[in-house]
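Contents: one structure, followed by commentary.
Coordinate-derived values only; no laboratory data. If you're wondering where the values come from, they're calculated on a predicted model, not measured in any experiment. We place every Cβ from the backbone using ideal geometry, glycine too, and count neighbours over all the protein chains shown.
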Amino acid sequence: MKYPDNIRDLVLLNPDYIGFIFYDKSKRFVAEIDEQTIKDIPSCIKKTGVFVDENASVILDYIKKYHLQAVQLHGSETSDTCLKIAESGVEVIKAFGVDEAFDFNQLLPYLDSVNYFLFDTKTKAHGGSGLTFNWQVLEKYTFSKPYFLSGGLGLENLDKVLAINDDRLYAVDLNSCFESEPAKKDIEKLKLAINKLRPILKETESMSYNVNEKGYYGDFGGAYIPEMLYPNVEHLRKEYLKIIYEPKFQEEFNQLLKDYVGRPSPLFLAERLSAKYGAKIYLKREDLNHTGAHKINNTIGQILLAERLGKKRIIAETGAGQHGVATATVCALKGLECVVYMGEIDIERQAPNVARMKMMGATVVPAISGSKTLKDATNEAMRDWINNPEDTHYIIGSVVGPHPYPDMVARFQSIISEETKWQLKEKTGSEYPDYVLACVGGGSNAIGMFYNFLDDEHVKLIAVEAAGLGVDSGESAATTALGREGVLHGSRSILMQTEDGQVTEPYSISAGLDYPGIGPQHAHLFKTKRAQYVSITDQESLDAGLLLAQTEGIIPAIESAHALAYLEKMKFKGNETVVVCLSGRGDKDLATYMKYFNL
Amino acid sequence: MNRLHQLFNTKEEPLLSIYYTAGYPDINSTLDIAEGLEKAGVDFIEIGFPYSDPLADGPVIQNSSLKALNNGMTLKLLFEQLKELRNRVSIPVLLMGYFNTVLQYGVPEFCKACAEAGVDGVIVPDLPMYEYEELYKDCFLDHDVSNVFLITPLTSEERIRKIDKLSNSFIYLLSSSSTTGKNLDVNTSSEAYYARLQKMELNNPTMIGFGIHDHNSFNKAAEFTRGAIVGSAFVKFLDTPDAINRIPEFVATIRK
Ligand SMILES: Cc1ncc(COP(=O)(O)O)c(C=O)c1O
């Protein structure tokens with residue numbers, strides 16, 4: 001791949017890998033492709049560098065420069081070279097040209113140093129010949145390591161690929177037969193191929209932690225909405241990926257994140273806290289963003305999207321007021337009308353944020369139905385959208401709501417883990433921490449913090465819910481502990497409810513965690529056990545807030561203090577690396593801290 | 001053939017259907033109201049089962065749902081009450097509510113309970129077409145319970161065709177995209193919408209709902225479709241003294 005527009009079209013097909021050839025004798029050599037174009041590829045698609053007998057140090061430089069996640073080695077690289085590269089944390093795919101005489105025993109030394117083999121047609125020119133090899137020789141391959149199949153795969157022989165009944169066949173590598181010219185993919189042809197391969201692609205899809213094309217994460221997600229919302233949600237679903245991967249959009253988004261929000265947010269080694277817990281504890285400082293929390297990453301993304309959808313009026317729901325403030329902020333920035341729904345009770349307990357929204361020109365409408373908190377504010381916002389379907393965009397504040405919202409918000413928040421990876425690598429030499437922790441209300445800061453680690457199974461993900469006065473006290477917001485599968489606000493997820501399916505009122509001292517559900521992706525991560533869901537009480541979170549203030553000079557939001565509080569319950573061995581998402585700052589919570597600690 | 005087909009196939013005059021919430025104003029008023037509506041000449045009824053988060057509803061039905069829940073109404077209790085339904089009422093009956101309650105009851109159990117109670121159809125506005133088709137359709141068909149879909153002026157022709165194919169009693173038209181309880185707007189754009197629908201020659205009859213509250217709006221609806229459904233206006237009326245005995249009075253404000 002080397003043409004930016006072509007790369008972006010390909011991204012929309014959502015392949016598992018995209019390859020870039022860094023071999024200067026190839027007619028597909030990328031030469032000096034714009035770094036940003038490659039970096040902008042969402043990390044759920046593995047950016048793969050293809051090399052032939054390149055120096056390991058040169059390969060490592062490319063990995064760093066382009067944020068590569070995998071390499072394909074097509075020359076006579078040794079297993080030592082492979083190992084050296086693998087140690088940098090990328091996937092290594094070692095390619096071999098196969099013919100009838102191929103001796104599979106030569107793979108033995110590589111078993112411990114590569115992730116996958118790739119079997120290609122043997123040629124003098126290191127692949128890319130457009131010819132297939134006789135796949136029957138694969139019967140002689142006896143190791144369990146999964147492999148890529150390559151060499152001459154085209155629409156006409158994919159049926160035969162489907163017939164290969166081998167669990168180790170992990171991926172197919174489509175190249176020359178799908179090009180309209182060297183290094184330029186024929187997108188329509190690829191669509192046909194993907195459809196054809198669908199039966200075998202299914203299996204890996206069910207293992208994926210990301211959304212499928214129907215809007216589901218395993219059993220969760222979907223779009224459970226009345227017909228009145230369908231046209232808007234469907235329009236969004238059709239357009240969101242196209243819009244957010246437009247170069248102009250990316251450019252403006254990145255610029256605003258940098259100059260307006262103040263990104264990248266620092267990754268700070270909290271030394272005194274580290275010493276206390278016997279681990280290397282890094283804080284991802286989302287609290288230093290403009291408006292004081294991670295919420296703005298999402299509202300910047302969505303306001304740019306709303307502009308491109310031609311919408312003139314913005315609505316939002318808010319609990320603590322952080323998302324409401326972040327929405328009012330971007331509306332002021334772009335000169336769009338802004339209406340924020342907020343539970344009547346939350347309006348009382350979060351007065352400073354109400355004032356901020358008003359000062360920036362937003363109208364704050366009290367939600368007086370039901371329990372008068374976040375859940376009801378969300379209902380009111382959805383009702384507003386039903387009644388104003390044409391000029392209005394609804395900026396949902398977390399990874400909840402009907403598809404595509406959970407996925408869209410996750411993509412905007414994924415900047416948190418994207419930065420964490422390279423920042424950690426700069427500081428420690430490895431982009432992988434042992435643990436990642438974040439608090440969960442709807443789950444947007446947690447998904448942002450987990451997103452780029454989802455497929456790195458050795459990174460343990462811990463999501464911290466609010467236990468309120470205690471999980472069994474009847475006053476709690478610990479959704480996974482207390483909830484069952486159900487449908488709320490347009491998606492199927494896990495939900496706190498009565499036996500009859502009435503949504504119950506959660507409780508937490510932190511208004512931002514006071515929500516009876518979690519996003520569908522969290523429900524999936526919970527059910528598949530990819531992430532561990534734990535809970536922290538009001539008291540434990542307040543104590544952790546005080547501790548951070550006194551050991552590091554940082555006053556956290558009470559939401560974020562829930563994540564910090566879990567450190568107290570962990571047992572670290574050696575000097576493990578931990579990243580905690582400090583999702584917001586504590587200014588808004590001062591009144592609560594004052595009350596509890598008699599300040 | 002269920003009672004709904006019978007009705008749509010035989011009656012020529014404009015049809016009137018009325019919605020109310022089970023367990024409102026009193027926990028035991030469900031069947032008394034049904035009987036009163038039949039006696040007042042209503043053609044079919046929709047009984048709402050309450051949900052804590054009724055997103056498609058305006059303040060009036062939000063309020064009746066909340067009251068019903070506070071009165072102790074559950075889907076289980078409703079089916080218990082409906083055991084007497086066919087001893088007291090013979091016009092078609094639909095249940096209307098949100099999907100989470102149905103999901104917790106169990107979709108197959110729900111369809112079975114509807115069939116046993118003599119319920120002819122259901123309206124679950126937040127059950128998506130895709131999920132209905134893939135997961136639940138057979139269960140509804142096996143029990144001869146019609147699932148009724150909504151369409152709005154913004155629903156595309158392609159989607160309307162698909163809804164027509166999946167429907168087997170009638171299609172519920174909204175006069176504009178709105179929550180319940182807003183008054184019907186009869187402006188030129190909605191007339192164009194009705195005309196567009198008439199031209200499509202759908203297989204299923206249509207009824208207009210949301211916002212019908214008086215003679216005018218009822219007559220307007222009946223000009224373009226088989227009739228209309230009244231909800232919020234009746235629920236509001238139920239809040240007046242001795243309402244259950246005065247149902248004919250209410251019906252006369254809609255249809256002479
Ligand atoms: C600082 C902070 N952290 C976390 C949350 C919880 O939201 P989410 O789970 O979507 O990150 C909020 C919500 O208001 C918040 O303000």
*Determine one quarter of the surface area of the Cα convex hull of region A:494-599, which equals its mean projected area, and express it in nm² to one decimal.*
8.5 nm²
*Run through all the Cα pairs of region A:9-85 and give the fraction in each 10 Å bin from 0, expressed as whole percent.*
18, 53, 26, 3
*With Rg and the Kirkwood Rh both taken from Cα atoms, where does Rg over Rh land for region A:337-388?*
0.97
*R0 of 25 Å, Cβ-Cβ distance A:Leu590-A:Ala332: FRET efficiency to nearest 0.05*: 0.55
*Using only the Cα atoms of region A:331-442, construct the convex hull and provide its projected area averaged over every direction, in square nanometres to one decimal.*
9.5 nm²
_Residues B:Ala195 and A:Glu181, FRET efficiency given R0 of 51 Å [Cβ-Cβ distance, rounded to 0.05]_ = 0.50
*Would you work out if region A:130-228 is rounded, prolate or oblate? Take a ≥ b ≥ c from the square roots of the eigenvalues of the alpha-carbon gyration tensor; rounded if a/c is under 1.5, else prolate when a/b is larger than b/c, oblate otherwise.*
oblate
*Each residue of region A:347-353 in turn: what ³J(HN,Hα) in whole Hz from Karplus with 6.51, -1.76, 1.60 and θ = phi - 60°, glycine and Pro shown as x?*
4, 5, 7, 10, 3, x, 5
*Calculate one ³J(HN,Hα) per residue across region A:171-185 by plugging θ = phi - 60° into the Karplus curve 6.51 cos²θ - 1.76 cosθ + 1.60, and present them in order as whole Hz with x for glycine and proline.*
7, 10, 9, 9, 9, 4, 6, 10, 10, 8, 7, x, 6, 10, 7
_Loop-resident sites, region A:1-54, for GluC sites (Glu not before Pro), counting at most 14 other Cβ within 10 Å (DSSP)_ = A:Glu32
_In Å, descending, principal axis extents of the Cα set of region B:26-73_ = 32, 22, 13
*Length gained when the stretch A:Glu271-A:Asp9 is fully extended (0.36 nm per residue, less Cα-Cα span)*: 89.8 nm
*asked:* Looking at the calculated P(r) for chain B, what percent of the C-alpha pair distances fall above 23 Å?
replied: 47 percent
*Please give the net charge around A:Gln521, taking every other residue with its beta carbon less than 13 angstrom from that of A:Gln521, where Lys and Arg add +1 and Asp and Glu add -1.*
+2
*Express the C-alpha Rg of region B:93-153 as a ratio against the empirical globular expectation 2.2 N^0.38 Å, rounded to two decimals.*
1.03
_Pairwise label distance in nanometres, B:Glu109 with B:Asn28, each label 7 Å out on the Cα-Cβ vector_ = 2.6 nm
_Eigenvalues of the Cα gyration tensor times 5, then square-rooted: what semi-axes does that give for region B:13-113, in whole angstrom, largest first?_
21, 16, 14
*Can you give the net charge of the other residues whose Cβ lies under 9 Å from the Cβ of A:Gly222, counting K and R as +1 and D and E as -1?*
+1
*asked:* Counting other beta carbons within 10 Å of each residue's own, what order do A:Thr121, A:Thr428, A:Thr329 fall into, fewest first?
replied: A:Thr428, A:Thr121, A:Thr329
_4 °C / 1.567 mPa s Stokes-Einstein diffusion coefficient of region A:119-159, Kirkwood radius on C-alpha pairs, µm²/s_ = 115 µm²/s
*Could you please report the charge total around A:Ile303, scoring K, R as +1 and D, E as -1 over all other residues with beta-carbon less than 13 angstrom from its beta-carbon?*
+3
*When you take every Cα atom in region A:4-205, what is the radius of gyration, and what is Dmax, the widest Cα pair distance, in Å?*
16.0, 43
_Need the list of lysines near B:Lys199 for cross-linking: C-alpha distance under 19 angstrom, and skip anything on the same chain fewer than eight residues off._
B:Lys162, B:Lys165, B:Lys220
*So how long is each side of region A:15-56 along the principal axes, counting just the alpha-carbon atoms, biggest first, in Å?*
28, 20, 19
*If amide H atoms are built 1.01 Å from N in the plane of the peptide, which residues on other chains or at least 5 residues away come under 5 Å of the amide H of A:Ile555?*
A:Gly586
*Which value in Å is the Kirkwood Rh of the protein assembly as shown over different Cα pairs?*
29.3 Å
*Hey, which lysines would be in cross-link range of A:Lys280, C-alpha to C-alpha under 23 Å, not counting anything within fewer than 8 residues on its own chain?*
A:Lys421, A:Lys425, A:Lys427, A:Lys460, A:Lys569, A:Lys571, A:Lys573
*Loop GluC sites (Glu not before Pro), region A:476-559, which have at most 10 other Cβ atoms in a 10 Å radius of their Cβ (DSSP)*: A:Glu499
*Hey, got the average number of other protein chain Cβ atoms within 10 angstrom for residues in A:495-504?*
6
*asked:* Going by amide H atoms built from the backbone, whose H comes under 5 Å of the H on B:Tyr19, apart from near neighbours?
replied: B:Glu46, B:Val230, B:Gly231
*Would you kindly state how much longer the chain becomes between A:Glu348 and A:Thr528 on full extension, computed as 0.36 nm times their sequence separation minus their alpha carbon distance, in nm to one decimal?*
60.9 nm
*Sequence-distant or interchain residues sharing an amide H contact under 5 Å with A:Lys46, placed H: which?*
A:Tyr17, A:Ile18
*Pulled fully out, how much extra length does the chain show between A:Glu252 and A:Glu213, if you take 0.36 nm times their separation in residues and subtract their Cα-Cα distance?*
11.3 nm
*When the convex hull of its Cα atoms is projected in every direction, mean area for region A:293-371 (nm²)*: 4.9 nm²
_Using DSSP to call loops (not H, G, I, E or B), can you name the trypsin sites (Lys or Arg not before Pro) in region B:1-70 whose Cβ has at most 16 other Cβ atoms within 10 angstrom?_
B:Lys11
*If the cut-off is a Cα-Cα distance under 24 Å, which lysines reach A:Lys372, setting aside same-chain residues fewer than 8 apart in sequence?*
A:Lys295, A:Lys358, A:Lys588, A:Lys595, B:Lys67, B:Lys182, B:Lys236
*If we count other beta carbons within 10 Å of each Cβ, what is the order of A:Met408, B:Met200, fewest first?*
B:Met200, A:Met408
_Modelling each spin label as a point 7 Å along the Cα-to-Cβ direction, I'd like the A:Lys145/A:Met359 distance in nm, to one decimal._
6.1 nm
